[in-house]
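Shown next, in structure tokens, is the structure this report addresses.
The values are calculated or read from the model by the stated rules, or taken from the named source; none is laboratory data. These numbers come from a predicted model, not from an experiment. Positions of Cβ are backbone-derived with ideal geometry, glycine not excepted, and every protein chain shown enters the neighbour counts. Ligands, DNA and RNA are stripped out before the accessible areas are found, and what is left, the full protein with its side chains, is counted by its heavy atoms. Shrake-Rupley method; radii C 1.70, N 1.55, O 1.52, S 1.80 Å.
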Amino acid sequence: MIIGSVIATFIATTPYLFYLYESVPDIPIWNTFLFTYESKHYGSAFVLAWTLSGKVIPLILLFIWFFTCRHWWYHVLLVPISMYVYQIFTIFNEDQKNIDSNQLIYMIPIMAIIIPSIYLIRAQIFNKINTVDKTMEELEDEFKMTPKNFWDRLRNYF
């Protein structure tokens, strides 16, 4: 219950977290007490922070959805997660001219594993529907994962 409240509070604050980029100055070299960042491709640390916030916040929300989802199809969430991770890595590649280009090529191996797996699970569900006298909701409940705590959930995913 406490973890659920913390997650719900975090999700509710994500619009505020998105606008943290406004605290970054609009200068090419940003010096802080922790680090110095020089924005070569964007020409501004502000633009880099704005671009990152548009990728990191949805990625965090997808991770929350992935680790809290109890449906049989939750592994399909790895596709957009991998897409956002790839986009974040390309943001930091100063020589990259088009950030969101060619990402599908790198996602093909991930999709080649996840999509057939989801299809096979779906085929098993419909096979059981035809052979057993159960509803679709009862079969989905069989495939749902109900771990007791966070570490059990984490072990079930990996």
Once all protein chains are kept in place, Trp65 shows an accessible area at probe 1.4 Å, nearest 10 Å², of 120
For Phe35, the accessible surface traced by a 1.4 Å probe with all protein chains present amounts, in square angstrom to the nearest 10, to 90
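So how do Phe92, Phe67 rank on accessible area, 1.4 Å probe, biggest first, that is with the largest at the start? Each step should come with its number before you reach the end.
Details: Phe92 95, Phe67 50 Å².
The most accessible residue leads, giving Phe92, Phe67.
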One finds, for Val85 and Thr36 with R0 = 22 angstrom and r their Cβ-Cβ distance, a FRET efficiency to the nearest 0.05 of 0.30
With label points set 7 Å from each Cα along the Cα-to-Cβ direction at Ala12 and Trp65, the distance between them in nm comes to 2.1
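Could you work out the relative contact order of region 1-51, using alpha carbon pairs under 8 angstrom and six or more residues apart, expressed as a whole percent? Present the calculation step by step, with values, prior to reporting the outcome.
Details: 40 pairs, mean separation 15.4, N = 51.
Worked out over region 1-51, it gives 30 percent.
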SASA check, Ile91, accessible area w/ 1.4 Å probe, all protein chains in place, rounded to nearest 10 Å², comes out at 10
